[in-house]
Each structure stands twice: as C-alpha cells, then as structure tokens.
Amino acid sequence: MAIWGLVAEATVGLGERKHTEAHVLTHVEGTREEALAVLEQRARTHLPEHPRNPRRRRLLRTADGFLLVVDGTWQSHATRFSVAELLEDSDRPLPPARDEREPGSGTDPGPGARQSPPEPTPETAPGEPRDEDGVPLRPSWLGRPDLP
C-alpha cells in the first residue's frame with residue numbers, strides 16, 4: 001500500500017512579507033482515492049485564521065486535491081489542499097534492501113512500507129505523550145534549568 005501525505009498550503013503574512021507555507025496535515029496508508037476522501041473531509045472542516053469575518057466560502061476540486069477560497073471584507077484568502085505520495089522521509093528511513101538483511105530475517109516488507117515510530121530518545125521519557133508521527137507533544141527543552 002502507498003503512503004499519501006495530505007498537504008495544506010496557505011499564504012501567510014502581510015504586504016512584502018507575504019509568503020506561502022506548506023504543512024503536512026497527516027499521512028494516509030491506502031489508495032489515492034481513500035487519501036482524497038480523507039483530504040476532502042479535512043478541507044470541508046478547515047477554519048482558516050483569515051479572514052476573521054468571512055463573507056463567502058468556496059471549496060473547489062482540483063486535479064490533485066482541493067482549493068478553499070474564503071472571501072473577507074477586504075481580501076480573499078486561499079488554502080490549497082493536495083495529496084502526494086510519500087516517496088522518502090528522512091525521519092522514517094526505508095528498510096534496508098533484501099540483500100542487506102540478515103539471512104532468515106523473514107519477509108521483506110518492500111519499499112514504502114510504514115515503519116514503526118522511532119524509539120524515544122534519552123531526553124524524552126518513554127511514557128511521554130506523542131502525536132501520530134511520534135513527535136513529543138512537550139519539547140525536550142521545556143523545563144530545563146540550564147536554559148534561560
């Protein structure tokens with residue numbers, strides 16, 4: 001099964017500092033159609049920060065996802081939702097090739113197989129709450145007495 005990244009891109013900032021930021025919302029394992037169904041639900045329920053007083057909201061289907069356009073009093077704000085197949089993730093490396101595995105190690109999960117979350121690092125407690133990608137919800141530096 002393929003792993004799909006659900007991505008939201010929005011324009012943030014004002015004036016000359018305006019730029020686009022992209023965020024991976026989540027990953028979906030399955031078919032592209034299943035990932036698009038999850039993405040559509042996310043796009044339909046998304047509440048952007050701007051505009052503060054929306055006048056009109058339009059959700060449009062595109063070739064690879066959705067475009068949400070919210071008209072405000074002064075400007076329109078857009079958020080693009082797209083689905084993309086995950087090919088590589090430096091945080092979750094792919095398993096070694098079959099010839100690099102130890103003999104008798106079982107079946108090869110194949111390229112793109114979902115890895116289990118990384119083991120907790122020494123600076124985080126094993127029972128510390130984590131998000132679905134294995135990232136600690138409380139940063140390791142929070143509460144350290146050696147930091148100002």
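The values are calculated or read from the model by the stated rules, or taken from the named source; none is laboratory data. Because the structure is predicted, anything quoted here is derived from the model rather than measured. Using ideal geometry, Cβ is built from the backbone for each residue, glycine included, and neighbour counts are taken over all protein chains shown. Surface accessibility is based on the protein's heavy atoms, side chains included, excluding ligands, DNA and RNA. Shrake-Rupley method; radii C 1.70, N 1.55, O 1.52, S 1.80 Å.
Worth a mention:
- G13 being open to solvent by less than 60 Å² (accessible area, probe 1.4 Å) and more than 19 Å from I3 (Cα to Cα): yes
- In region 65-81, residue farthest from L39 (Cα to Cα) [restricted to those that are among the hydrophobic types (A, V, I, L, M, F, W, C) and touching a residue at least 40 places away in the same chain (Cβ under 8 Å)]: A78
- Residue in region 1-8 that is open to solvent by 80 Å² or more (accessible area, probe 1.4 Å), under 25 Å from E88 (Cβ atoms), touching a strand residue (DSSP E or B) at 6+ places or on another chain (Cβ under 8 Å) and not charged (D, E, K, R) present: yes
- Residues that are touching a residue at least 24 places away in the same chain (Cβ under 8 Å), open to solvent by less than 80 Å² (accessible area, probe 1.4 Å) and part of a strand (DSSP E or B) are absent from region 45-53 altogether.
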